[in-house]
Amino acid sequence: MENYNQTSTDFILLGLFPQSRIGLFVFTLIFLIFLMALIGNLSMILLIFLDIHLHTPMYFLLSQLSLIDLNYISTIVPKMVYDFLYGNKSISFTGCGIQSFFFLTLAVAEALLLTSMAYDRYVAICFPLHYPIRISKRVYVMMITGSWMISSINSCAHTVYALCIPYCKSRAINHFFCDVPAMLTLACTDTWVYESTVFLSTTIFLVLPFTGIACSYGRVLLAVYRMHSAEGRKKAYSTCSTHLTVVSFYYAPFAYTYLRPRSLRSPTEDKVLAVFYTILTPVLNPIIYSLRNKEVMGALTRVIQKIFSVKM
């Protein structure tokens with residue numbers, strides 16, 4: 001490995017791509033996924049904004065999810081692309097802090113928002129008559145606002161700590177972005193107290209929300225099981241299983257990475273797992289939650305017809 005010891009305050013991101021044909025292939029693949037995520041999430045935001053039929057709590061939450069995913073993947077991938085193309089792996093101390101802050105804010109906001117969306121589906125299917133009361137405009141606005149506020153406060157606390165601890169001479173972060181646990185391996189002081197707070201935060205913002213989502217979908221599946229329509233049950237099972245698969249892609253690698261003690265962590269394994277919750281999830285969400293939805297496809301058809309009718 002190259003010697004990245006230096007006297008400046010800049011960090012070095014060792015990155016994800018090796019300098020080889022395999023590295024070029026992986027880089028090309030991730031760049032294409034990045035473009036797909038941008039197009040998919042931006043299209044969802046515009047579609048929900050333009051079509052009045054999608055102005056409902058569920059789709060408002062979905063538009064927020066697309067907004068988070070759009071910014072989430074943009075916090076990570078552009079820097080990776082720049083580093084690979086220009087060979088400049090350095091990132092300033094302040095830039096590392098900013099990237100870490102936005103990453104943590106968006107990551108926790110997405111975890112909380114996915115929980116809100118699962119609750120929305122739970123109420124809609126299990127208590128359809130109570131839905132307008134339980135999921136009023138005030139309630140879903142509070143869901144969104146609460147997700148952003150809680151995630152920002154949590155992120156600020158972790159980022160401030162990471163920027164205040166002393167670092168040793170080596171500034172090489174063995175990761176493709178400024179991940180706080182990866183930064184802690186360079187610390188000159190004992191960080192076991194902070195690692196305990198990371199464990200606590202992961203439990204509160206990842207494990208508990210995922211448990212809530214699993215319980216919500218469990219109740220939904222139970223309600224669906226009692227349906228008389230076999231076709232309705234099949235459709236609901238397909239939708240719930242797909243949603244749970246994508247949610248698991250996000251929560252499981254994230255929680256597994258952050259719950260392990262430093263002694264059991266592997267930089268290579270951490271980077272591979274991080275690909276799931278930083279790159280794959282933002283491109284899968286618009287496909288699973290949107291493109292498979294008949295209401296969304298109907299709205300897309302109406303918007304396209306409206307655009308062409310205006311041009312005519």
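The values are calculated or read from the model by the stated rules, or taken from the named source; none is laboratory data. Owing to the predicted nature of the structure, the values given are computational and were not obtained by experimental measurement. Note that we place each Cβ from the backbone using ideal geometry, even for glycine, and neighbour counts take in every protein chain shown. Heavy atoms of the whole protein, side chains included, go into the accessibility calculation; ligands, DNA and RNA do not. Shrake-Rupley method; radii C 1.70, N 1.55, O 1.52, S 1.80 Å.
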Compute the distance in nm between two label points, each set 7 Å from the Cα along the Cα-to-Cβ direction, one at Leu222 and one at Leu129.
-> 2.0 nm
Solvent exposure ordering (accessible area, 1.4 Å, most first) of Lys306, Lys234, Lys89 = Lys234, Lys306, Lys89
The chain, accessible surface, carbon-and-sulfur percent (1.4 angstrom probe) | 70 percent
Charge dipole magnitude, Cβ of K and R +1, D and E -1 - the chain, Cα centre, debye nearest 20 | 920 debye
In the structure displayed, which of Lys137/Lys306; Lys137/Lys234; Lys234/Lys294 lie more than 23 Å apart, Cα to Cα?
-> Lys137/Lys306; Lys137/Lys234
With r defined as the distance between the Cβ atoms of Leu46 and Glu295 and R0 fixed at 22 Å, what FRET efficiency is calculated, to the nearest 0.05?
-> 0.90
Taking a probe of 1.4 Å and leaving out DNA, RNA and ligands, segment 11-305 shows per residue an accessible area in Å² of 49 Å²
Segment 11-305, relative contact order in percent, only Cα pairs under 8 angstrom and at least six apart counted | 28 percent
When the chain is treated as a Gaussian network with springs between alpha carbons less than 10 Å apart, the largest mean-square fluctuation among Thr75, Thr185, Thr105 is found at Thr185
Just Asn285, Asn174, Asn293 to compare: in a GNM of the chain, with alpha carbon springs under 10 Å, which one fluctuates most?
-> Asn293
Out of Leu13, Leu113, Leu221, a Gaussian network model of the chain with alpha-carbon springs under 10 Å gives the largest mean-square fluctuation to Leu221
Could you please state, rounded to a whole Å, how far the C-alpha centre of segment 186-241 is from the C-alpha centre of segment 75-133?
-> 16 Å
Which of (1) 19.1; (2) 15.0; (3) 16.3 gives mean projected area of the Cα convex hull in nm² as computed here? It is (1)
At a 1.4 Å probe radius, which order do His228, His55 fall into by accessible area, largest first?
-> His228, His55
